[in-house]
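The values are calculated or read from the model by the stated rules, or taken from the named source; none is laboratory data. Remember, it's a predicted structure, so these values are computed and weren't measured experimentally. With ideal geometry, Cβ positions are generated from the backbone for all residues, glycine too; neighbour counts draw on all protein chains shown. Side chains included, ligands, DNA and RNA excluded: accessible areas come from the protein's heavy atoms. Shrake-Rupley method; radii C 1.70, N 1.55, O 1.52, S 1.80 Å.
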Amino acid sequence: MTFVRCWAVGIVVLVLTEYFQMTLLHDPLVGPAGVGSFGAALALVHLPNLVCVVLATWAAARVHPEPWREMPARHVAAACAVPAAAQVLLLSLRPGVLDLAGAAFWMSTGVLLAGCTVGLLLDRLVWTS
């Protein structure tokens with residue numbers, strides 16, 4: 001049951017932050033034509049996605065209760081499962097991103113790994129304070 005609560009919080013936070021990112025940043029600034037350069041993709045797509053993943057990971061980790069949060073494997077599974085599942089869903093819905101030679105796959109994977117790491121670090125910093 002503890003995983004379900006963590007994942008539910010992670011889903012809610014990820015959906016809300018991605019919705020705000022899409023409606024406030026992506027749609028008005030990027031539009032259907034996409035981005036024209038790597039810098040624009042980084043600033044308008046990947047960095048906002050990083051913030052969404054960090055917040056979802058942090059929120060899920062915050063609601064993971066004792067004594068299970070002291071078990072590293074369980075804590076990582078509770079905190080990072082939702083962003084990882086969202087990544088798998090993205091890759092299954094957009095098969096063009098699956099090109100291992102393309103930058104989009106590696107950037108989104110890097111965003112996932114960095115976001116989960118920063119979210120867990122934030123949780124650890126707040127938890128120990």
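Among the residues of the stretch 43-76, write down those that are of a type in the set (Gly, Ala, Ser) and touching a helix residue (DSSP H, G or I) at 6+ places or on another chain (Cβ under 7 Å).
Within the stretch 43-76, Ala56, Ala59, Ala60, Ala61 meet the criteria.
Checking the conditions here, which among Ala85, Ala40, Ala101, Ala81 is outside any helix (DSSP H, G or I), over 15 Å from Asp123 (Cα atoms) and not basic (Lys, Arg)?
Ala101
Checking Leu24 against (1) at pLDDT below 95; (2) open to solvent by less than 30 Å² (accessible area, probe 1.4 Å), which single condition isn't satisfied?
Going through (1) at pLDDT below 95; (2) open to solvent by less than 30 Å² (accessible area, probe 1.4 Å) one by one, Leu24 breaks only (2).
Can you name the number of the only condition in (1) in contact with an Asp or Glu (Cβ under 9 Å, 6 or more places away or on another chain); (2) at pLDDT below 90 that Cys52 fails?
(2)
Taking the stretch 104-129, which residues are free of Cβ contacts under 8 Å to residues at least 60 places away in the same chain and either charged (D, E, K, R) or outside any helix (DSSP H, G or I) (or both)?
Across the stretch 104-129, the qualifying residues are Arg124, Ser129.
Pick out the one residue from Thr117, Thr128 that is open to solvent by 30 Å² or more (accessible area, probe 1.4 Å) and under 13 Å from Val53 (Cα atoms). Before you say what the answer is, go through the steps one by one.
Values: Thr128 fails: under 13 Å from Val53 (Cα atoms).
Testing whether each residue is open to solvent by 30 Å² or more (accessible area, probe 1.4 Å) and under 13 Å from Val53 (Cα atoms) leaves just Thr117.
So how many residues does the stretch 99-129 have that are modelled with pLDDT of 90 or more and among the β-branched types (Val, Ile, Thr)?
4
Take the stretch 46-63 and flag every residue that is farther than 15 Å from Leu121 by Cβ and either without any contact (Cβ under 8 Å) to a residue 40 or more places away in the chain or not hydrophobic (A, V, I, L, M, F, W, C) (or both).
Scanning the stretch 46-63 gives His46, Leu47, Pro48, Asn49.
Can you pull out every residue in the stretch 55-98 that is touching a Phe, Trp or Tyr at 6+ places or on another chain (Cβ under 9 Å), over 19 Å from Ala114 (Cβ atoms), modelled with pLDDT under 90 and open to solvent by less than 40 Å² (accessible area, probe 1.4 Å)?
Arg69
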